[in-house]
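Only the coordinates and a few stated rules stand behind these numbers; no lab work does. Keep in mind the model is a prediction, meaning the values are calculated, not measured. Virtual Cβ from ideal backbone geometry, glycine too; neighbours counted across all protein chains shown.
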Amino acid sequence: MNLPNKLTLLRVLMAPLFILAALWQGFEWHYLLAAAVFALAAVTDAADGIIARRYGLITTFGKFLDPVADKLVTTAAMLLFVYWGWCSYWVPLLVLAREYCMVCLRLTAARAGTVLPANLWGKIKTVLQMVTVLVLLLTAQFKTALGMPDWLFTLMCGVLLWSTAAAAVISGVSYFAALWRKGTPDTLRPEIRIDLPAIPKPAPGMKLREWLPAVAAALHIEEPLMLRQLRAIALEEIACSSVTAMTLLFFLERELLSVWPVFLLFGLEFCVASFRLLAAAQGKEPLSRPWRIARLCALLVVIALYLTALFGHHVFEPWQLSALSNTLLCVLCLAYCAFGFITIKFSRKIEMSY
């Protein structure tokens with residue numbers, strides 16, 4: 001395993017260390033320690049990319065693990081901010097929805113042989129996320145020494161985090177526009193043709209509702225197979241993942257779930273999504289049925305969580321309700337692990353260089 005891959009693997013391990021440091025309430029400088037871990041992860045993120053490109057050490061394993069490592073560290077920070085009440089769960093939901101959309105776009109681009117390089121908005125989103133996390137952690141650590149009132153800190157959290165969410169949405173739209181421009185008509189874009197001679201000339205007294213059907217009949221839209229696959233992947237990945245994410249973040253904001261099982265679940269989803277992207281880039285498709293079964297299990301657990309929140313407070317004490325919610329989430333994580341391992345068995349067919 002080369003040096004860039006070792007740095008990427010180190011960044012994966014830093015994500016749980018970051019959560020441990022941030023939640024270490026017995027240590028007075030836990031916010032500062034968490035900021036140091038996050039800063040080290042950001043440095044390794046920049047270093048592994050520079051080393052891999054300069055010395056030609058780009059490998060398949062690095063392509064698989066690097067996006068997972070990036071998402072794990074930033075997701076851990078967002079989950080903690082929701083857990084501490086620093087932001088609404090809508091902020092990480094928008095950021096995570098953008099990540100799921102990017103998986104779908106890159107997956108489709110890989111199938112069409114199109115590469116989506118990082119653009120300006122993507123870099124702005126990345127830098128803004130890192131700066132926001134570091135500024136908020138350092139401010140929380142020295143808030144008392146600076147004499148900062150709570151309302152000002154709340155305002156700072158709202159401005160920075162909503163700016164991060166806005167940058168994530170804008171960057172996602174810019175990537176979609178770039179994919180639309182780079183794609184060829186037979187792979188990514190529908191081909192639109194208008195048969196002008198077939199359009200009748202409006203005659204005196206002709207009503208608009210009589211003329212418009214003729215115009216619609218002269219309009220021919222040929223939708224390529226690749227675009228239909230994009231829609232299918234988007235509906236499967238974005239819809240299911242967003243519903244699950246919204247539920248988990250909603251419960252996390254109300255302290256009915258702890259950070260660890262939620263972080264584990266998002267990590268599993270990121271791994272499988274990146275694995276599907278890697279398989280598609282090599283012209284291969286992993287088994288989809290096990291993962292769809294896992295999605296169905298996720299939906300059942302989400303329903304159980306909602307029923308617990310609606311009716312559980314009449315039956316259980318608050319600590320019992322929290323324990324039940326975490327138990328249901330752990331069951332969901334086990335289901336994802338089991339079906340994820342079945343899917344990853346397909347990796348034997350993928351050329352994996354380290």
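When PHE316, PHE311 are ordered from fewest to most other Cβ atoms inside 10 Å of their Cβ, what list results?
PHE311, PHE316
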Q | Proxy reagent accessibility, fewest Cβ within 10 Å first, across MET206, MET78, MET102 | A | MET206, MET102, MET78
Q | In order through segment 260-272: 3J(HN,Hα) via Karplus (6.51 cos²θ - 1.76 cosθ + 1.60), integer Hz, x for Gly, Pro | A | 5, x, 5, 4, 4, 5, 5, x, 5, 5, 5, 5, 5
Q) How much length, in nm to one decimal, is gained on full extension between LEU307 and LYS6, taken as 0.36 nm per residue of separation minus their Cα-Cα distance? A) 104.0 nm
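Which ordering of PHE176, PHE250, PHE263 is given by a fewest-first count of other beta-carbon atoms within 10 Å?
Numbers: PHE176 15, PHE250 18, PHE263 22.
With the fewest neighbours first, PHE176, PHE250, PHE263 line up as PHE176, PHE250, PHE263.
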Q. So if R0 is 30 Å, what FRET efficiency would TRP319 and LEU32 give, r being the distance between their Cβ atoms, rounded to the nearest 0.05?
A. 0.45
Q. Hey, rough spin-label estimate for PHE153 and VAL43, points 7 angstrom out along Cα→Cβ, what's it come to in nanometres?
A. 2.7
Q) In what sequence, highest mean first, do 10-18, 317-325, 67-75 appear when ranked by Cβ atoms within 10 angstrom? A) 67-75, 10-18, 317-325
Q. Simple spin-label model, 7 Å along Cα-to-Cβ: ILE192 to LEU334 in nm?
A. 5.2
